[in-house]
Ligand code: HPA
């Protein structure tokens, strides 16, 4: 058995000793966006620190809990708090919870994040559904020996974000009268925000928003054949020629203010999922 398989098995055994829940939907909530868990009819909450091989969240705005329950009539597991490359974890650690979710039965993964908007038609507080990404983290969670029982050596990325799920999100947005942007997310390592020249470059290579997460989780989910839907909240406007300083508290404030709309979107999509 590969090392990653063995670690997954340890985590699953621990979780199985606490719950028989078989979630079909996994949820990863980003900076300032954890509120969706209030909507979950909770069955059990496990602390990351108790789960074998789970990393522990170091960022204050991220809690460290794995929540099992029902949402929109579906059995879900939600990560309240996620891991980032800039915290010093390897991308294998960052994405380990996605592997565990898959082992528990999750085949649909919903992700949210806070991101900087570079498309000049986007505004602070907007929600964007991600239809594609660019990985500029400079690393990849699949580097190293490949466990063929988990997924292929060279995963296809032609539909990294499920077209069907994007359509579902767009129809929920229309029904709920929530304006929804669509665009390309570029992932960087962070932790510093970008310089003006970097924003100009990132916009120039085809990205609408920039953030420090989501892409590693997406890659591992696709590796295992999961379907992914991801949303970015635009927390700051990153227009190189009109750049204003931002700080993390203001990013979190914008994320919190947008969270109810994102929550309604994610809940509506989950209710319509065919799982
Ligand atoms: N850059 C990178 N990550 C971010 C940003 C940004 O401007 N805003 C929120 N997350």
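The values are calculated or read from the model by the stated rules, or taken from the named source; none is laboratory data. Small disclaimer: the values here were computed from a predicted structure and weren't measured. As a convention, Cβ positions derive from the backbone with ideal geometry for all residues, glycine included, and neighbour counts pool all protein chains shown.
General remarks:
- Taking segment 112-146 as the range and being away from the ligand (no atom under 16 Å from the Cβ), within 21 Å of residue 167 (Cα to Cα) and in contact with a helix residue (DSSP H, G or I) (Cβ under 7 Å, 6 or more places away or on another chain) as the test, the residues that pass are 129, 131.
- Strands (runs of 3 or more DSSP E) lying entirely in segment 1-93 (those with 2 or more residues that are modelled with pLDDT of 90 or more and farther than 30 Å from residue 138 by Cβ): 41-47, 65-71, 74-80
- Of all residue pairs spaced 6 or more apart or on separate chains, those with beta-carbon atoms under 9 Å, a first member in segment 250-265 that is within 12 Å of residue 30 (Cβ to Cβ) and at pLDDT 90 or above and a second member that is within 14 Å of the ligand (Cβ to nearest atom) and assigned to a helix (DSSP H, G or I) are 262/255.
The rows are residues; the columns are (1) assigned to a helix (DSSP H, G or I); (2) over 17 Å from the mean Cα position of the chain (by Cα).
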position: 98; (1), (2): yes, no
position: 120; (1), (2): no, yes
position: 137; (1), (2): no, no
position: 150; (1), (2): no, yes
position: 159; (1), (2): no, no
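- Residue 63 passes every criterion in (1) closer than 16 Å to residue 103 by Cβ; (2) surrounded by fewer than 21 Cβ atoms within 10 Å (Cβ to Cβ); (3) in contact (Cβ under 8 Å) with a residue 24 or more places away in the chain; (4) in contact with a helix residue (DSSP H, G or I) (Cβ under 8 Å, 6 or more places away or on another chain) apart from (1).
- Residue check for residue 234: over 14 Å from the mean Cα position of the chain (by Cα), buried (at least 21 other Cβ atoms within 10 Å of the Cβ) and within 16 Å of the ligand (Cβ to nearest atom): yes
- Filtering segment 178-203 to residues that are in a helix (DSSP H, G or I), more than 10 Å from the ligand (Cβ to nearest atom) and either in contact (Cβ under 8 Å) with a residue 40 or more places away in the chain or over 16 Å from residue 134 (Cα atoms) (or both) leaves 196, 197, 200, 203.
The rows are residues; the columns are (1) within 25 Å of residue 236 (Cβ to Cβ); (2) touching a residue at least 40 places away in the same chain (Cβ under 8 Å).
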position	(1), (2)
3	no, no
17	no, no
21	no, yes
27	yes, yes
31	yes, yes
35	yes, yes
70	no, no
86	yes, yes
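- Applying the criterion of being touching a helix residue (DSSP H, G or I) at 6+ places or on another chain (Cβ under 8 Å) and part of a helix (DSSP H, G or I) to the residues of segment 237-255, the residue that is farthest from the ligand (Cβ to nearest atom) is 241.
- Single condition residue 141 does not satisfy, out of (1) farther than 19 Å from residue 25 by Cβ; (2) touching a strand residue (DSSP E or B) at 6+ places or on another chain (Cβ under 8 Å); (3) crowded, with 17+ Cβ neighbours inside 10 Å: (2)
- Qualifying residue in segment 204-213 (condition: more than 14 Å from the ligand (Cβ to nearest atom), in a loop (DSSP other than H, G, I, E, B) and either at pLDDT below 95 or touching a strand residue (DSSP E or B) at 6+ places or on another chain (Cβ under 7 Å) (or both)): yes
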